[in-house]
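Chemist: Sharing a structure, written as structure tokens. Questions coming.
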Protein chains: 2
Amino acid sequence: MPELRKDPINGRWVIIATERAKRPAGISREPDPPIDEVDPFLPGNEHLTPPAILTYYDESSPQRRWLVRVIPNKFPALRVEGELRREGVGLYDKMTGIGAHEVIVETPDRNRHFAQFNENEIQLVLRAIRERIRDLRRDIRLQYILIFKNDGRLAGATQPHSHTQLIALPIVPKNALEELNGAKEYFHFKERNVYLDIIDQELRYGERLVTENPDYVAIAPFASRFPFELWVVPRVPMAAFQTCRDDQLTFLAKILWRVMRLLERALGVFAYNIVLHNAPLQEENLPYYQWHIEITPRLTRVGGFESGTGYFINPTPPEVVADYLRKIKL
Amino acid sequence: MPELRKDPINGRWVIIATERAKRPAGISREPDPPIDEVDPFLPGNEHLTPPAILTYYDESSPQRRWLVRVIPNKFPALRVEGELRREGVGLYDKMTGIGAHEVIVETPDRNRHFAQFNENEIQLVLRAIRERIRDLRRDIRLQYILIFKNDGRLAGATQPHSHTQLIALPIVPKNALEELNGAKEYFHFKERNVYLDIIDQELRYGERLVTENPDYVAIAPFASRFPFELWVVPRVPMAAFQTCRDDQLTFLAKILWRVMRLLERALGVFAYNIVLHNAPLQEENLPYYQWHIEITPRLTRVGGFESGTGYFINPTPPEVVADYLRKIKL
């Protein structure tokens, strides 16, 4: 059974998940362990993964082939079965590893990557994410869902077939809490939503604005941690991604398509992480928070120091990035 | 001039340092850019680096060759010259990038690595760090000094010649603040130092204890983020590393030597980060804090997701690590 353990000093929860050690990538000093030749996400290999939780089919194709498929992670960091139990061990705190760990296989085609998707393909992925969050939040043991995408070795991907991961947690992780608390403090002080204030300022001066459409803006954030880091933020107040209407997903797909194309034109094939920053599951109506998407290209191998210290040195100012991307004609 | 920028939501400061982009490693999609053939840290190449700030010589050698050399970073993230100025930009906050960025070259021998150092070599490095901190803390603009070591590509090292980095900052970084605040809260609640409580508990039960000597313990921490993560903590109350006496540095060198040997026996040649967690420069006597050293081997490339989310999944329980390391005969 996986276990959640809390650092007694800074309150950070860590998942201790021994089953993960069985993964093909395993522990290795080698910078680039060979990737498993068999692609478990390929059509025809569905027997290599646990049964799908959700499948979207191409209804127009005679064979009704699938387009997006959500499956449980074969090496889950957390499990749905069991009882949520908190326990003290001397001065330490731990918790049973209740939760869910799913994989959203974004395309049947192993050579097609998210940065090359068309708007329809992106939209289908977004719909699958929304549907899984809406389903999982009915389990009231779950407090937060992490949605993230690692693409490329430098970004931590071990499977090259395009996919997104979902981890549902019985706690709100530290980084999300900090963001929520920061936004709450700003709201108490100013009586305004900090994200909407940021959007206002970025639209007014434009120097960090990359692109916009009626529902979203994409900016290079003022305190960017990484070169070419971008945020996509909805323009209307909305704390929870899963409350998006269909038309809002369409505009999100449009801006994500544009942003990924711009990044690819600027950087070539690039490794990156995408993380959905969302409200806690049972708090969909927070007035001070705004769900958003953070895209962080991984251009240099700097992970070690930064994930150890939480401290970032970025050689590329966001104004330079935004200016560069704005000038690209797609 | 480098600039410090604060994220308006979570309060994280980022260094925007455009000069860093000129480094040989630069921006690249390639996982392993070729390392510069010329080793600027080699004896005879001293003209390739800025003049040394501190040098320890081998007084017994006829040529008086150097053993440890501290130099300014050629591509500094922060600079000592200039005025410390805070400024608002709309809702954002920024600050001039005042500080220092130094490199401690740990050995003249490019083929000798920290994990293979003998106790005397380790002690000399520790002495140099202590001397630099004691010197820099006289500049009252500086609030915190980060001391960290990246060894190996997976740990973010771009220079294979064994070295440690020093970054002096005009702010206390977020992660340090969180640790300090967590320790302070525990102290207010329990009227005890959390680190000393941890040491007590680990010595009593022993399952996460790796090794100890009269002045220090080495443990695999309860909420380890990484497989084979180890902490070295002093047994006597001491918030600031630079207040160590010589005999305390000797015992620190002894336990570090042992810990690095154990890790190398367990893992072979391995990539790792070492970070000194220290009290803020002007607060050497905090009763609730304990300086300590965190060693995090980088066995898998998982940095992307983790540095984006602050969330960690660790497949190897610390009890297994400690048990394994305790059984190794050196």
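The values are calculated or read from the model by the stated rules, or taken from the named source; none is laboratory data. Everything numeric in this text was worked out from a predicted model, so none of it was measured. When we count neighbours, we look across all protein chains shown, and the Cβ atoms used for this are built from the backbone with ideal geometry, even at glycine.
Chemist: Would you mind listing the helices (runs of 4 or more DSSP H) fully within the range B:223-330 where at least 1 residues are at pLDDT 95 or above?
Modeler: It comes to B:246-267, B:318-326.
Chemist: Restricting to the range A:205-216, name every residue that is within 19 Å of A:Pro317 (Cβ to Cβ) and not polar (S, T, N, Q).
Modeler: Those that are within 19 Å of A:Pro317 (Cβ to Cβ) and not polar (S, T, N, Q): A:Tyr205, A:Gly206, A:Glu207, A:Arg208, A:Leu209, A:Val210.
Chemist: Write out, first by first residue and then by second, each pair whose Cβ atoms fall under 6 Å of each other, whose residues are 6+ apart or on separate chains, and whose first residue, in the range B:181-208, is closer than 16 Å to A:Gly11 by Cα and within 7 Å of chain A (Cβ to nearest Cβ) while the second is part of a loop (DSSP other than H, G, I, E, B) and among the hydroxyl-bearing types (Ser, Thr, Tyr).
Modeler: B:Ala183/B:Tyr288; B:Ala183/B:Tyr289
Chemist: So is A:Gly99 at the interface with chain B (Cβ under 9 Å from one of its Cβ atoms) and at pLDDT 90 or above or not?
Modeler: no
Chemist: What's the number of the condition B:Phe251 fails, among (1) more than 15 Å from B:Val217 (Cα to Cα); (2) out of contact with any helix residue (DSSP H, G or I) (no Cβ under 7 Å at 6 or more places or on another chain)?
Modeler: The number of the failed condition is (1).
Chemist: With the structure loaded, tell me whether B:Glu119 is closer than 22 Å to B:Glu284 by Cβ, surrounded by fewer than 18 Cβ atoms within 10 Å (Cβ to Cβ), at pLDDT 95 or above and not hydrophobic (A, V, I, L, M, F, W, C) or whether it fails that test.
Modeler: Here the answer is no, as B:Glu119 does not meet what is asked.
Chemist: Filter the range A:72-96 down to the residues that are within 14 Å of chain B (Cβ to nearest Cβ), assigned to a strand (DSSP E or B) and surrounded by 12 or more Cβ atoms within 10 Å (Cβ to Cβ) and list them by number.
Modeler: A:Arg79, A:Tyr92, A:Asp93, A:Lys94, A:Met95
Chemist: Could you please give the count of residues in the range B:166-175 that are within 10 Å of another protein chain (Cβ to nearest Cβ) and either over 12 Å from B:Phe148 (Cβ atoms) or among the charged types (D, E, K, R) (or both)?
Modeler: Selection size over the range B:166-175: 2.
Chemist: Looking at the range B:136-178, which of the residues that are assigned to a loop (DSSP other than H, G, I, E, B) and polar (S, T, N, Q) is nearest to the chain's Cα centre (by Cα)?
Modeler: Of everything passing the filter in the range B:136-178, B:Ser162 is nearest to the chain's Cα centre (by Cα).
A quick yes/no check of all residues on (1) among the β-branched types (Val, Ile, Thr); (2) more than 12 Å from every other protein chain (Cβ to nearest Cβ); (3) over 20 Å from B:Phe187 (Cβ atoms):
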{"position": "B:Pro214", "(1), (2), (3)": "no, yes, yes"}
{"position": "B:Pro227", "(1), (2), (3)": "no, no, yes"}
{"position": "B:Trp231", "(1), (2), (3)": "no, no, no"}
{"position": "B:Phe241", "(1), (2), (3)": "no, yes, no"}
{"position": "B:Gln248", "(1), (2), (3)": "no, yes, yes"}
{"position": "B:Trp257", "(1), (2), (3)": "no, yes, yes"}
{"position": "B:Leu281", "(1), (2), (3)": "no, yes, yes"}
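Chemist: Sticking with this structure for a sec: I'm trying to understand the selection: among the residues of the range B:187-222, which are assigned to a helix (DSSP H, G or I), of a type outside the set (Val, Ile, Thr) and closer than 17 Å to B:Glu283 by Cβ?
Modeler: Residues satisfying the conditions are B:Phe187, B:His188, B:Tyr195.
Chemist: Quick one: in the range B:156-165, which of the residues that are out of contact with any helix residue (DSSP H, G or I) (no Cβ under 6 Å at 6 or more places or on another chain) and modelled with pLDDT of 90 or more is farthest from the other protein chains (Cβ to nearest Cβ)?
Modeler: By that ranking, first place goes to B:His161.
Chemist: I'm checking my understanding of the structure. Among residues of the range B:41-71 that are touching a residue at least 24 places away in the same chain (Cβ under 8 Å) and surrounded by fewer than 17 Cβ atoms within 10 Å (Cβ to Cβ), which one is farthest from the chain's Cα centre (by Cα)?
Modeler: B:Arg65
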